[in-house]
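Remarks on the structure that follows.
The values are calculated or read from the model by the stated rules, or taken from the named source; none is laboratory data. These numbers were taken from a predicted model, which means no experiment stands behind them. Ideal geometry is used to build each Cβ from the backbone, glycine not excepted, and the neighbour counts take in all protein chains shown. Quick note on the areas: whole protein, heavy atoms, side chains included, nothing else; ligands and nucleic acids left out. Shrake-Rupley method; radii C 1.70, N 1.55, O 1.52, S 1.80 Å.
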Amino acid sequence: MKIRSYIQKSYKRQLQLYFIASSVIPIAVSGFLLVGLFRYQAQKDLSRQDLHRQDQIASILSDAFALSENGIREVAEDPDIAAALMSGKVQSHNVYAALYRKTGELRDFATADIYSGGKRIYSTGSGTESRTLPTDFGILAKARESRGKVVYRAGYAGDLAADSSLSIASNSSREPCIQIAGQIQENEGYAVVTIRKAGLDLLLQGSYGADEGILVMNRFWEPVYSAGALADRDAAARFRGNLLSGQPVRQDYPDNFYSVPIGATGLTLVYLTAPALSAGIFHSLLNVVLFFSVLMVPLGLLFANYMSRYLSRPIAELGAAMRSFRHGNMNAQVHMDRDDELGLLAEGFNKTTVRLRENIEEQIRQQKQLNETKIRMLQAQLNPHFLYNTLDTIKWVGIDHRVPEVARLSQNLAVLLRQSISNRQFITLSEELDMVENYCNIQEFRFGYSFSYECEVPEDLMRCIVPKLILQPVVENAIIHGLEGVDDGLVKVSAARKPRRCADNADIDRAGAPREPRYGADEVDIDGAGAPQEDLEIIVVDNGHGISDEMIDILARHDAGQLSGHLGFRNVDTILRMFYGDSYGIHASRRKEGGTQVSLLLPATCAMIKE
């Protein structure tokens, strides 16, 4: 799997693999196929020759057996031989003359004998044959039962003799032989032709090669005759064992095997030849093919390296440009002097990056303009409502009381107006708290000092930057709605640092990292290492009536549509989320001891504000 992954990660390595495979595999496959086809064709041609040779050998044996059968019939029909058997005369020149005359064509490879009962009375042999044959079994019994038909029996000379002591003493007692016999005129006379190994060797001389084999098997698949290098006892035993076990006769035999029955004799000719290509020659040819296939590997590597480098270079250049573009280089370009599809692809990539860069720059410009417009509109919505109430209060105080408090109210209002009409969108938390204090001074006087204002903010947080006018609407909501009808009201503002949220809870960008605060470059100069690592939580609490469950749910969902009737909350929440992301904003809850707690969450960043 590691090798596969390593190759798949490089287009060049994939090309190298494909080129090597395309150069080596066809040669190897074609070489092995040619060797296989050559072996198949050679085996086919050899099989054709072997079948022809087998037919020739079978024809020789069939002709010899036909001559023997014909000689037996002529002997059985000869009147001199029949008369001699009837009279019981053993020595008769007419009988010998007739026997030699009738068996002249087969005496070169066989011996012809005449038996009376079980005793041999005439023979063309040299006298080494058995003088008696059993009449109750064996070839004579078969001849008597066949009623004039010629019968065959194959075995060993000693096993076929009646006089076992004589056969054992004979040197030819275990000599294979084939006996062919026929009854003479339904009496106890029999004509027997015996073909021994020497006769079969003479018949088959020159009909097979030294590296071949011939087996003549009886009906029990016992070898009667064997000749040639391949016709050994192990092969004959294997064939017989396969037959007895119910398997094909040639099962697990490596050489060529051909078998054919020899007429109606009950004998089977087995012809054995070596394969057209021996295992050694075949393996040598395979090794040659393998050698040339291996030889092609370094040549294929050279060719593959050259071609893969030529073909993959433009792809690599295009891939490098795309990686650079993906990492934020909007000026990435591919310089490729080609007129093919890769050149068109590079040209399209260059045009695409230019258009994307232009579109992004345009979108940034429009978004910045839109954000600035929205923020100014939101902040403008905060001022008129409060200014109207404050001016109305000052008017009635001046009419009714004619007291110095008017001057103080006017001073506080001047501070608020100066801050609200400033072009700065971000100020320090200290400046924001001063605005809230001035605002509360005015509202305390307006509501007859029915509430008090407290501020507990650590000194190290006073330089944190916050959007302008984000606390005044929240404090105003606490005073107007939370403390309505409360005689001893309290509004308290506190602040604390909190660890930055994890990425799975924070507002994240497409790359998976928490989105940075979206400060305007013309308002804030961020010091230190840049992005804040902590959040700032500003808490406004009151001891009033408490916020409703519906409002808590709306603030939790940041549903601007549902907040349309609560202008202060909606504007502040929108400003915080627009500048810092969707993980920031307003959250509210009811206090157990009574009243409401409103939390404002934003990044904790200290900065130098440009005047």
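The table below lists the values:
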{"read-out": "Label point distance in nm, Asp337-Arg4, each placed 7 Å from Cα along Cα→Cβ", "value": "4.3 nm"}
{"read-out": "Label-point separation in nm, Ala274 to Ile60, each point 7 Å along Cα→Cβ", "value": "2.0 nm"}
{"read-out": "Stretch gain in nm, segment Arg323-Gln367, where the contour uses 0.36 nm per residue and the Cα spacing is subtracted", "value": "13.2 nm"}
{"read-out": "Theoretical FRET efficiency, 1/(1+(r/R0)^6), r = Cβ-Cβ of Arg238 and Lys44, R0 25 Å, to 0.05", "value": "0.50"}
{"read-out": "In Å², nearest 10: area of Ser293 left accessible to a 1.4 Å probe", "value": "10 Å²"}
{"read-out": "Efficiency of FRET from Cβ geometry, Glu456 and Asn350, R₀ 45 Å, rounded to 0.05", "value": "0.15"}
{"read-out": "Added length on full extension, which subtracts the Cα-Cα distance from 0.36 nm per residue, Ser245 to Arg73", "value": "57.9 nm"}
{"read-out": "Among 241-251, 262-272, the order from most to least packed when residues are scored by Cβ within 10 Å on average", "value": "262-272, 241-251"}
{"read-out": "Ranked order, Asp487, Asp434 - accessible area, probe 1.4 Å, largest first", "value": "Asp487, Asp434"}
